[in-house]
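The values are calculated or read from the model by the stated rules, or taken from the named source; none is laboratory data. Quantities reported herein were computed from a predicted structural model and do not represent experimental measurements. A quick note on method: Cβ atoms are made from the backbone with ideal geometry, for glycine too, and the neighbour counts reach across all protein chains shown.
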Amino acid sequence: MAKYFDVIIVGAGPAGSLAALKLARGGANVCLLERGKYPGAKNMFGGLLHNTPVLNEILPDFHERAPLERHVYRKSISFMTPRAAVALDFENETFDKPPFNGYTVFRPAFDMWLAEEAVKAGALLSCECTAEDLIKKDGRIAGVTVKGREGEIRGNIVIAADGVLSFLAKKAGLRQDFKAENMGVGIKLLLGFPEETINERFHLVRDQGADISFLGAMGDMRGGGFLYTNRESISIGLVTHLDSLKASGKAPYEVLNDFLEHPSVKKLVKGGTPLEYSAHLIPEGGYKAIPNLFTGGLMLAGDAAGLCYTNGLNLEGINLAMTSGALAGETAIDALKAGDYSAKILSSYKKKLDESFVMKDMKTFKNAAAMMHLERLFRTYPRILANIMERVYKTDGVPRSKLLRLARKEALKEAGLKGLISDGFKIGRSLL
Ligand SMILES: Cc1cc2nc3c(=O)[nH]c(=O)nc-3n(C[C@H](O)[C@H](O)[C@H](O)COP(=O)(O)OP(=O)(O)OC[C@H]3O[C@@H](n4cnc5c(N)ncnc54)[C@H](O)[C@@H]3O)c2cc1C
(Lines give C-alpha, C1' and ligand atoms only; values in the text may rest on other atoms or scores of the structure.)
Protein backbone atom coordinates (compact mmCIF):
# COMPACT_ATOMS: atom_id res chain seq x y z
CA MET A 1 0.00 0.00 0.00
CA ALA A 2 1.25 3.46 -0.85
CA LYS A 3 2.50 5.65 1.98
CA TYR A 4 1.14 9.20 2.11
CA PHE A 5 2.90 12.43 3.10
CA ASP A 6 2.06 16.12 2.92
CA VAL A 7 5.35 16.72 1.10
CA ILE A 8 7.95 14.39 -0.42
CA ILE A 9 11.43 15.81 -0.88
CA VAL A 10 13.80 13.99 -3.21
CA GLY A 11 17.49 14.46 -2.34
CA ALA A 12 19.04 15.11 1.09
CA GLY A 13 21.62 17.64 -0.12
CA PRO A 14 21.61 21.22 1.23
CA ALA A 15 18.48 22.17 -0.79
CA GLY A 16 16.44 19.13 0.25
CA SER A 17 17.41 19.19 3.93
CA LEU A 18 16.63 22.90 4.32
CA ALA A 19 13.23 22.34 2.67
CA ALA A 20 12.56 19.38 5.00
CA LEU A 21 13.62 21.37 8.08
CA LYS A 22 11.40 24.31 7.19
CA LEU A 23 8.41 22.03 6.49
CA ALA A 24 8.86 19.86 9.59
CA ARG A 25 9.05 22.95 11.78
CA GLY A 26 5.91 24.22 10.06
CA GLY A 27 4.10 21.06 11.23
CA ALA A 28 4.01 19.25 7.87
CA ASN A 29 4.23 15.48 7.54
CA VAL A 30 7.37 15.36 5.41
CA CYS A 31 9.50 12.60 3.94
CA LEU A 32 13.11 13.16 2.75
CA LEU A 33 14.36 10.56 0.28
CA GLU A 34 18.09 10.04 -0.29
CA ARG A 35 19.62 7.53 -2.69
CA GLY A 36 22.98 7.44 -0.82
CA LYS A 37 23.74 5.23 2.19
CA TYR A 38 23.53 8.43 4.23
CA PRO A 39 23.08 12.13 3.32
CA GLY A 40 26.30 13.41 1.77
CA ALA A 41 27.67 9.94 1.02
CA LYS A 42 27.74 10.68 -2.71
CA ASN A 43 28.17 14.44 -2.51
CA MET A 44 31.27 16.55 -3.13
CA PHE A 45 32.07 20.17 -3.81
CA GLY A 46 35.09 22.47 -3.76
CA GLY A 47 34.77 23.29 -0.12
CA LEU A 48 33.38 26.77 0.64
CA LEU A 49 30.12 27.12 2.54
CA HIS A 50 29.18 30.78 2.07
CA ASN A 51 27.62 32.42 5.08
CA THR A 52 23.93 32.44 4.20
CA PRO A 53 21.18 34.50 5.85
CA VAL A 54 18.80 31.53 5.66
CA LEU A 55 21.15 29.33 7.70
CA ASN A 56 21.56 32.06 10.32
CA GLU A 57 17.82 32.53 10.48
CA ILE A 58 16.82 28.85 10.68
CA LEU A 59 19.81 27.53 12.66
CA PRO A 60 21.26 30.63 14.39
CA ASP A 61 23.74 28.54 16.41
CA PHE A 62 25.08 26.57 13.42
CA HIS A 63 28.48 28.29 13.91
CA GLU A 64 28.89 26.34 17.16
CA ARG A 65 27.17 23.07 16.24
CA ALA A 66 27.79 22.36 12.55
CA PRO A 67 30.86 20.34 11.48
CA LEU A 68 32.83 23.33 10.10
CA GLU A 69 36.53 23.10 9.29
CA ARG A 70 37.97 26.67 9.14
CA HIS A 71 36.52 30.14 8.58
CA VAL A 72 37.77 31.73 5.37
CA TYR A 73 40.10 34.61 6.13
CA ARG A 74 42.47 34.77 3.13
CA LYS A 75 41.17 35.03 -0.43
CA SER A 76 43.62 34.90 -3.33
CA ILE A 77 43.43 34.70 -7.08
CA SER A 78 46.44 33.56 -9.06
CA PHE A 79 46.77 34.21 -12.81
CA MET A 80 48.98 31.51 -14.26
CA THR A 81 51.02 30.74 -17.35
CA PRO A 82 52.88 27.43 -17.65
CA ARG A 83 55.93 28.93 -15.89
CA ALA A 84 54.72 32.03 -14.01
CA ALA A 85 51.95 33.20 -11.66
CA VAL A 86 50.69 36.67 -10.69
CA ALA A 87 48.68 36.67 -7.48
CA LEU A 88 46.22 39.04 -5.89
CA ASP A 89 45.94 38.34 -2.18
CA PHE A 90 43.16 39.71 0.02
CA GLU A 91 43.08 39.64 3.82
CA ASN A 92 40.65 41.66 5.86
CA GLU A 93 40.34 41.76 9.64
CA THR A 94 36.54 41.77 9.37
CA PHE A 95 36.78 38.27 7.79
CA ASP A 96 38.44 37.13 11.02
CA LYS A 97 35.58 38.08 13.31
CA PRO A 98 32.10 36.54 13.67
CA PRO A 99 29.84 36.48 11.78
CA PHE A 100 32.39 34.87 9.48
CA ASN A 101 32.10 35.28 5.73
CA GLY A 102 32.30 31.57 4.95
CA TYR A 103 33.62 28.21 6.12
CA THR A 104 35.38 25.24 4.60
CA VAL A 105 33.38 22.05 5.15
CA PHE A 106 33.29 18.38 4.13
CA ARG A 107 30.04 17.50 2.45
CA PRO A 108 29.51 14.05 4.01
CA ALA A 109 29.75 15.53 7.52
CA PHE A 110 27.87 18.75 6.74
CA ASP A 111 25.05 17.15 4.72
CA MET A 112 24.54 14.49 7.38
CA TRP A 113 24.37 17.15 10.13
CA LEU A 114 21.86 19.25 8.16
CA ALA A 115 19.62 16.24 7.42
CA GLU A 116 19.73 15.26 11.10
CA GLU A 117 18.47 18.74 12.01
CA ALA A 118 15.47 18.09 9.74
CA VAL A 119 14.93 14.70 11.40
CA LYS A 120 15.08 16.29 14.87
CA ALA A 121 12.38 18.70 13.72
CA GLY A 122 10.18 15.74 12.72
CA ALA A 123 11.03 14.89 9.09
CA LEU A 124 11.25 11.22 8.10
CA LEU A 125 14.59 10.48 6.39
CA SER A 126 14.75 7.44 4.16
CA CYS A 127 18.24 6.55 2.83
CA GLU A 128 19.18 4.11 0.05
CA CYS A 129 15.88 5.08 -1.45
CA THR A 130 16.02 6.32 -5.05
CA ALA A 131 13.05 8.10 -6.61
CA GLU A 132 12.60 6.61 -10.06
CA ASP A 133 9.55 8.29 -11.53
CA LEU A 134 6.80 10.79 -10.86
CA ILE A 135 3.23 9.78 -10.16
CA LYS A 136 0.63 11.99 -11.84
CA LYS A 137 -2.98 12.30 -10.76
CA ASP A 138 -5.70 14.73 -11.89
CA GLY A 139 -3.23 16.63 -14.07
CA ARG A 140 -0.63 17.26 -11.37
CA ILE A 141 2.28 15.52 -9.66
CA ALA A 142 1.07 13.45 -6.72
CA GLY A 143 4.07 11.37 -5.61
CA VAL A 144 7.06 9.27 -6.70
CA THR A 145 7.85 5.65 -7.36
CA VAL A 146 10.96 4.43 -5.56
CA LYS A 147 13.68 1.84 -5.94
CA GLY A 148 15.11 0.35 -2.76
CA ARG A 149 11.79 0.59 -0.91
CA GLU A 150 8.90 -1.19 -2.54
CA GLY A 151 6.27 0.69 -4.45
CA GLU A 152 4.99 4.21 -4.36
CA ILE A 153 5.11 7.17 -2.05
CA ARG A 154 2.26 9.57 -2.51
CA GLY A 155 2.03 13.17 -1.39
CA ASN A 156 0.38 16.50 -2.05
CA ILE A 157 3.62 18.14 -3.16
CA VAL A 158 6.99 16.87 -4.38
CA ILE A 159 10.11 19.03 -4.04
CA ALA A 160 12.81 17.84 -6.46
CA ALA A 161 16.17 18.62 -4.85
CA ASP A 162 17.89 15.79 -6.69
CA GLY A 163 20.89 17.74 -7.92
CA VAL A 164 22.41 18.81 -11.20
CA LEU A 165 21.12 15.91 -13.33
CA SER A 166 17.58 16.13 -11.90
CA PHE A 167 15.72 13.59 -13.92
CA LEU A 168 12.54 14.45 -12.03
CA ALA A 169 12.66 17.91 -13.64
CA LYS A 170 13.03 16.19 -17.01
CA LYS A 171 10.21 13.72 -16.31
CA ALA A 172 7.94 16.61 -15.33
CA GLY A 173 8.74 18.35 -18.63
CA LEU A 174 10.28 21.34 -16.83
CA ARG A 175 13.66 21.14 -18.54
CA GLN A 176 15.17 20.15 -21.87
CA ASP A 177 18.14 17.85 -22.42
CA PHE A 178 21.44 19.28 -21.16
CA LYS A 179 23.94 20.95 -23.42
CA ALA A 180 27.58 20.08 -22.63
CA GLU A 181 28.50 23.79 -22.86
CA ASN A 182 26.15 24.52 -19.92
CA MET A 183 27.74 21.87 -17.76
CA GLY A 184 30.94 22.14 -15.73
CA VAL A 185 32.88 19.24 -14.33
CA GLY A 186 34.73 19.52 -11.03
CA ILE A 187 37.71 17.28 -10.23
CA LYS A 188 38.96 17.27 -6.65
CA LEU A 189 41.74 15.74 -4.59
CA LEU A 190 41.81 15.80 -0.81
CA LEU A 191 45.35 15.84 0.60
CA GLY A 192 46.14 15.29 4.28
CA PHE A 193 48.68 17.43 6.19
CA PRO A 194 49.46 18.14 9.84
CA GLU A 195 47.58 21.25 11.02
CA GLU A 196 50.86 23.16 11.66
CA THR A 197 52.04 22.56 8.07
CA ILE A 198 48.83 24.08 6.73
CA ASN A 199 49.09 27.09 9.04
CA GLU A 200 52.72 27.73 8.12
CA ARG A 201 52.34 27.12 4.40
CA PHE A 202 49.29 29.33 3.97
CA HIS A 203 50.17 31.96 6.62
CA LEU A 204 47.22 31.14 8.88
CA VAL A 205 46.68 31.02 12.62
CA ARG A 206 44.01 29.36 14.82
CA ASP A 207 41.11 28.24 12.62
CA GLN A 208 41.71 30.77 9.83
CA GLY A 209 41.34 29.31 6.35
CA ALA A 210 42.47 30.18 2.84
CA ASP A 211 40.51 30.13 -0.42
CA ILE A 212 42.73 30.35 -3.52
CA SER A 213 41.51 30.44 -7.14
CA PHE A 214 43.78 29.79 -10.12
CA LEU A 215 43.04 31.17 -13.58
CA GLY A 216 44.98 30.00 -16.63
CA ALA A 217 45.93 26.80 -14.88
CA MET A 218 44.70 24.36 -17.49
CA GLY A 219 46.70 24.80 -20.68
CA ASP A 220 44.37 24.93 -23.67
CA MET A 221 41.25 24.17 -21.64
CA ARG A 222 38.70 26.66 -20.33
CA GLY A 223 38.46 26.55 -16.56
CA GLY A 224 40.26 27.26 -13.33
CA GLY A 225 41.63 25.73 -10.19
CA PHE A 226 40.66 25.97 -6.52
CA LEU A 227 42.33 25.29 -3.19
CA TYR A 228 40.63 25.38 0.21
CA THR A 229 42.32 24.68 3.51
CA ASN A 230 40.57 22.40 5.99
CA ARG A 231 41.83 21.79 9.51
CA GLU A 232 44.14 18.89 8.59
CA SER A 233 43.79 18.66 4.84
CA ILE A 234 43.49 20.74 1.70
CA SER A 235 40.88 20.40 -1.02
CA ILE A 236 42.49 21.10 -4.37
CA GLY A 237 40.98 20.73 -7.80
CA LEU A 238 39.79 22.11 -11.09
CA VAL A 239 36.53 23.12 -12.72
CA THR A 240 36.26 23.02 -16.49
CA HIS A 241 33.49 22.97 -19.09
CA LEU A 242 32.44 19.48 -20.08
CA ASP A 243 32.89 20.25 -23.80
CA SER A 244 36.38 21.65 -23.14
CA LEU A 245 37.40 18.50 -21.23
CA LYS A 246 36.05 16.33 -24.04
CA ALA A 247 37.92 18.35 -26.68
CA SER A 248 41.20 18.00 -24.73
CA GLY A 249 41.03 14.21 -25.11
CA LYS A 250 42.42 13.92 -21.57
CA ALA A 251 41.07 11.99 -18.60
CA PRO A 252 40.11 14.15 -15.57
CA TYR A 253 42.97 12.75 -13.45
CA GLU A 254 45.50 13.66 -16.18
CA VAL A 255 44.31 17.28 -16.21
CA LEU A 256 44.54 17.37 -12.41
CA ASN A 257 48.05 15.87 -12.43
CA ASP A 258 49.24 18.54 -14.91
CA PHE A 259 47.84 21.25 -12.60
CA LEU A 260 49.54 19.76 -9.53
CA GLU A 261 52.86 19.83 -11.40
CA HIS A 262 52.73 23.60 -11.98
CA PRO A 263 55.71 25.10 -10.08
CA SER A 264 53.55 27.41 -7.95
CA VAL A 265 51.06 24.63 -7.11
CA LYS A 266 53.62 21.88 -6.55
CA LYS A 267 55.09 23.62 -3.51
CA LEU A 268 51.62 24.07 -1.96
CA VAL A 269 50.78 20.36 -2.17
CA LYS A 270 54.24 18.94 -1.42
CA GLY A 271 54.21 16.13 1.14
CA GLY A 272 50.41 15.75 1.20
CA THR A 273 48.85 12.32 1.71
CA PRO A 274 46.16 11.59 -0.91
CA LEU A 275 42.94 10.85 0.98
CA GLU A 276 40.19 11.02 -1.63
CA TYR A 277 39.69 11.68 -5.34
CA SER A 278 36.29 12.63 -6.77
CA ALA A 279 34.56 14.30 -9.71
CA HIS A 280 31.09 15.83 -10.07
CA LEU A 281 29.06 17.89 -12.52
CA ILE A 282 28.13 21.56 -11.94
CA PRO A 283 25.28 23.50 -13.62
CA GLU A 284 27.14 26.38 -15.27
CA GLY A 285 24.56 27.64 -17.77
CA GLY A 286 23.65 30.51 -15.42
CA TYR A 287 20.42 32.52 -15.45
CA LYS A 288 19.58 31.79 -19.09
CA ALA A 289 19.64 28.01 -18.48
CA ILE A 290 17.25 28.03 -15.50
CA PRO A 291 14.37 25.64 -16.24
CA ASN A 292 10.71 26.22 -15.36
CA LEU A 293 10.72 25.98 -11.59
CA PHE A 294 7.29 24.58 -10.78
CA THR A 295 4.23 22.82 -12.09
CA GLY A 296 1.10 21.50 -10.33
CA GLY A 297 2.32 19.53 -7.28
CA LEU A 298 6.07 19.98 -7.96
CA MET A 299 8.85 22.52 -7.29
CA LEU A 300 12.56 22.34 -8.17
CA ALA A 301 15.26 23.55 -5.75
CA GLY A 302 19.04 23.92 -5.75
CA ASP A 303 21.12 22.47 -8.59
CA ALA A 304 17.99 20.73 -9.90
CA ALA A 305 16.71 24.25 -10.59
CA GLY A 306 20.04 25.33 -12.15
CA LEU A 307 20.65 27.73 -9.24
CA CYS A 308 24.44 27.89 -9.26
CA TYR A 309 26.75 30.36 -10.92
CA THR A 310 30.35 31.32 -11.41
CA ASN A 311 31.62 34.72 -12.48
CA GLY A 312 35.27 33.71 -12.57
CA LEU A 313 35.85 35.05 -9.05
CA ASN A 314 33.18 33.19 -7.06
CA LEU A 315 31.51 29.81 -7.45
CA GLU A 316 28.28 29.85 -5.48
CA GLY A 317 25.84 26.99 -5.26
CA ILE A 318 25.36 25.69 -1.75
CA ASN A 319 23.98 28.98 -0.39
CA LEU A 320 21.61 29.27 -3.35
CA ALA A 321 20.55 25.64 -2.83
CA MET A 322 19.77 26.16 0.88
CA THR A 323 17.85 29.39 0.25
CA SER A 324 15.80 27.93 -2.60
CA GLY A 325 15.08 24.81 -0.50
CA ALA A 326 13.82 26.97 2.38
CA LEU A 327 11.66 29.07 0.02
CA ALA A 328 10.20 25.93 -1.60
CA GLY A 329 9.41 24.67 1.93
CA GLU A 330 7.75 27.98 2.82
CA THR A 331 5.65 27.88 -0.37
CA ALA A 332 4.60 24.28 0.35
CA ILE A 333 3.43 25.31 3.86
CA ASP A 334 1.21 28.04 2.32
CA ALA A 335 -0.16 25.53 -0.21
CA LEU A 336 -0.92 22.97 2.53
CA LYS A 337 -2.76 25.62 4.55
CA ALA A 338 -4.82 26.55 1.46
CA GLY A 339 -5.36 22.88 0.51
CA ASP A 340 -4.36 23.87 -3.03
CA TYR A 341 -1.37 22.31 -4.80
CA SER A 342 -1.92 23.79 -8.24
CA ALA A 343 0.72 25.49 -10.40
CA LYS A 344 -1.04 28.77 -9.63
CA ILE A 345 -0.40 28.62 -5.88
CA LEU A 346 3.11 27.19 -6.32
CA SER A 347 3.97 30.10 -8.64
CA SER A 348 4.60 32.17 -5.48
CA TYR A 349 7.83 30.11 -5.12
CA LYS A 350 9.18 31.83 -8.24
CA LYS A 351 8.14 35.23 -6.85
CA LYS A 352 9.91 34.52 -3.54
CA LEU A 353 13.05 33.47 -5.42
CA ASP A 354 12.91 36.59 -7.61
CA GLU A 355 12.80 38.78 -4.49
CA SER A 356 15.70 36.95 -2.82
CA PHE A 357 19.44 37.36 -3.44
CA VAL A 358 19.35 34.03 -5.29
CA MET A 359 17.63 35.21 -8.45
CA LYS A 360 19.04 38.73 -8.12
CA ASP A 361 22.62 37.35 -8.17
CA MET A 362 21.78 34.91 -10.97
CA LYS A 363 20.45 37.90 -12.98
CA THR A 364 23.38 40.19 -12.11
CA PHE A 365 25.79 37.62 -13.54
CA LYS A 366 23.52 36.44 -16.35
CA ASN A 367 26.20 37.17 -18.97
CA ALA A 368 29.00 35.56 -16.97
CA ALA A 369 28.22 32.09 -18.33
CA ALA A 370 29.01 33.32 -21.87
CA MET A 371 32.12 35.14 -20.61
CA MET A 372 33.41 31.87 -19.18
CA HIS A 373 33.57 30.57 -22.76
CA LEU A 374 36.15 33.19 -23.79
CA GLU A 375 39.31 31.19 -24.53
CA ARG A 376 41.50 34.28 -24.06
CA LEU A 377 40.29 34.71 -20.47
CA PHE A 378 42.08 31.52 -19.48
CA ARG A 379 45.26 31.74 -21.55
CA THR A 380 45.95 35.13 -23.09
CA TYR A 381 45.07 37.48 -20.23
CA PRO A 382 47.03 35.59 -17.54
CA ARG A 383 49.98 35.61 -20.01
CA ILE A 384 49.63 39.38 -20.56
CA LEU A 385 49.69 39.95 -16.80
CA ALA A 386 52.70 37.67 -16.32
CA ASN A 387 54.58 39.36 -19.21
CA ILE A 388 53.91 42.80 -17.74
CA MET A 389 55.15 41.72 -14.29
CA GLU A 390 58.23 40.12 -15.82
CA ARG A 391 59.15 43.36 -17.62
CA VAL A 392 58.43 45.41 -14.48
CA TYR A 393 60.81 43.34 -12.34
CA LYS A 394 63.42 42.05 -14.82
CA THR A 395 66.76 43.89 -14.79
CA ASP A 396 68.54 42.96 -18.00
CA GLY A 397 69.68 46.30 -19.42
CA VAL A 398 66.59 46.67 -21.66
CA PRO A 399 65.31 50.26 -21.18
CA ARG A 400 62.16 50.37 -19.01
CA SER A 401 58.68 51.56 -20.13
CA LYS A 402 56.04 53.33 -18.08
CA LEU A 403 53.38 50.89 -16.82
CA LEU A 404 50.49 52.00 -19.03
CA ARG A 405 52.62 51.93 -22.18
CA LEU A 406 53.92 48.48 -21.25
CA ALA A 407 50.39 47.17 -20.59
CA ARG A 408 49.09 48.59 -23.90
CA LYS A 409 51.96 47.04 -25.85
CA GLU A 410 51.59 43.60 -24.25
CA ALA A 411 47.78 43.57 -24.58
CA LEU A 412 47.88 44.56 -28.27
CA LYS A 413 50.63 42.03 -29.00
CA GLU A 414 48.78 39.14 -27.34
CA ALA A 415 45.07 39.86 -28.04
CA GLY A 416 44.99 42.41 -30.90
CA LEU A 417 42.79 45.51 -30.93
CA LYS A 418 39.72 43.68 -32.24
CA GLY A 419 40.08 40.94 -29.63
CA LEU A 420 40.51 43.45 -26.83
CA ILE A 421 37.42 45.43 -27.81
CA SER A 422 35.27 42.35 -28.22
CA ASP A 423 36.47 40.74 -24.94
CA GLY A 424 36.29 44.05 -23.08
CA PHE A 425 32.64 44.36 -24.11
CA LYS A 426 31.80 40.79 -22.99
CA ILE A 427 33.72 41.02 -19.71
CA GLY A 428 32.24 44.47 -19.04
CA ARG A 429 28.70 43.17 -19.61
CA SER A 430 29.36 40.25 -17.26
CA LEU A 431 31.14 41.84 -14.34
CA LEU A 432 30.98 45.64 -14.44
C1 LIG B 1 33.78 20.48 -7.84
C2 LIG B 1 32.70 21.35 -7.29
C3 LIG B 1 33.06 22.44 -6.52
C4 LIG B 1 32.05 23.25 -5.97
N5 LIG B 1 32.43 24.21 -5.11
C6 LIG B 1 31.49 24.93 -4.48
C7 LIG B 1 31.86 25.83 -3.44
O8 LIG B 1 33.03 25.90 -3.04
N9 LIG B 1 30.88 26.58 -2.86
C10 LIG B 1 29.59 26.47 -3.24
O11 LIG B 1 28.73 27.19 -2.69
N12 LIG B 1 29.19 25.60 -4.21
C13 LIG B 1 30.11 24.82 -4.81
N14 LIG B 1 29.72 23.88 -5.73
C15 LIG B 1 28.29 23.77 -6.08
C16 LIG B 1 27.50 23.07 -4.96
O17 LIG B 1 28.13 21.86 -4.60
C18 LIG B 1 26.06 22.76 -5.43
O19 LIG B 1 25.49 23.92 -5.98
C20 LIG B 1 25.20 22.25 -4.26
O21 LIG B 1 25.72 21.06 -3.76
C22 LIG B 1 23.76 22.02 -4.70
O23 LIG B 1 23.03 21.44 -3.64
P24 LIG B 1 21.72 20.56 -3.93
O25 LIG B 1 21.16 20.18 -2.61
O26 LIG B 1 20.86 21.28 -4.88
O27 LIG B 1 22.24 19.30 -4.73
P28 LIG B 1 23.28 18.11 -4.28
O29 LIG B 1 24.26 18.64 -3.30
O30 LIG B 1 23.77 17.55 -5.55
O31 LIG B 1 22.32 17.09 -3.56
C32 LIG B 1 21.41 16.29 -4.28
C33 LIG B 1 21.07 15.08 -3.44
O34 LIG B 1 20.05 14.33 -4.09
C35 LIG B 1 20.37 12.95 -4.02
N36 LIG B 1 19.64 12.32 -5.16
C37 LIG B 1 19.86 12.54 -6.48
N38 LIG B 1 18.96 11.85 -7.22
C39 LIG B 1 18.17 11.19 -6.33
C40 LIG B 1 17.04 10.32 -6.48
N41 LIG B 1 16.56 10.00 -7.69
N42 LIG B 1 16.45 9.80 -5.37
C43 LIG B 1 16.94 10.13 -4.12
N44 LIG B 1 18.01 10.95 -3.92
C45 LIG B 1 18.59 11.48 -5.01
C46 LIG B 1 21.88 12.92 -4.12
O47 LIG B 1 22.44 11.71 -3.64
C48 LIG B 1 22.24 14.13 -3.26
O49 LIG B 1 22.37 13.79 -1.89
C50 LIG B 1 30.68 23.02 -6.28
C51 LIG B 1 30.32 21.92 -7.06
C52 LIG B 1 31.31 21.07 -7.55
C53 LIG B 1 30.90 19.87 -8.33
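Condition check ((1) surrounded by fewer than 24 Cβ atoms within 10 Å (Cβ to Cβ); (2) away from the ligand (no atom under 13 Å from the Cβ)) across all residues:
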| position | (1), (2) |
| --- | --- |
| Tyr4 | yes, yes |
| Gly16 | no, no |
| Ala19 | no, no |
| Tyr38 | yes, no |
| Met44 | yes, no |
| Thr52 | yes, no |
| Lys75 | yes, no |
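Going by the conditions given, is Ser233 of a type in the set (S, T, N, Q) and away from the ligand (no atom under 13 Å from the Cβ)?
It is true that Ser233 is of a type in the set (S, T, N, Q) and away from the ligand (no atom under 13 Å from the Cβ).
Considering the range 268-288 alone, what residues qualify as being surrounded by 18 or more Cβ atoms within 10 Å (Cβ to Cβ), of a type in the set (Gly, Ala, Ser), on the phi < 0 side of the Ramachandran plot and under 20 Å from the mean Cα position of the chain (by Cα)?
Within the range 268-288, just Gly285 meets the criteria.
Taking Asn319 and the conditions (1) crowded, with 24+ Cβ neighbours inside 10 Å; (2) within 13 Å of the ligand (Cβ to nearest atom); (3) at pLDDT 95 or above; (4) not hydrophobic (A, V, I, L, M, F, W, C), which numbered condition does it fall short on, given that it satisfies the others?
Looking at each condition in turn, Asn319 falls short on (1).
Of all residues being outside any strand (DSSP E or B) and within 6 Å of the ligand (Cβ to nearest atom) in the range 21-36, which is surrounded by the most Cβ atoms within 10 Å (Cβ to Cβ)? Just the residue, please.
Glu34
So which helices (runs of 4 or more DSSP H) stay within the range 319-423 end to end and still have 3 or more residues that are touching a strand residue (DSSP E or B) at 6+ places or on another chain (Cβ under 8 Å) and not assigned by TED's automatic domain parsing to the domain that holds Pro14?
380-393
Given the options Gly237, Gly216, name the one that is touching a Phe, Trp or Tyr at 6+ places or on another chain (Cβ under 8 Å) and at pLDDT 95 or above.
Gly237
Report, by residue number, each residue of the range 54-73 that is buried (at least 16 other Cβ atoms within 10 Å of the Cβ) and either assigned to a loop (DSSP other than H, G, I, E, B) or without any contact (Cβ under 8 Å) to a residue 24 or more places away in the chain (or both).
Leu59, Phe62, Ala66
Cβ-Cβ under 6 Å, sequence separation 6+ or interchain: first residue in the range 253-275 and farther than 17 Å from Glu200 by Cβ, partner exposed (fewer than 12 other Cβ atoms within 10 Å of the Cβ) and of a type outside the set (Phe, Trp, Tyr). Which pairs?
No pair meets every condition.
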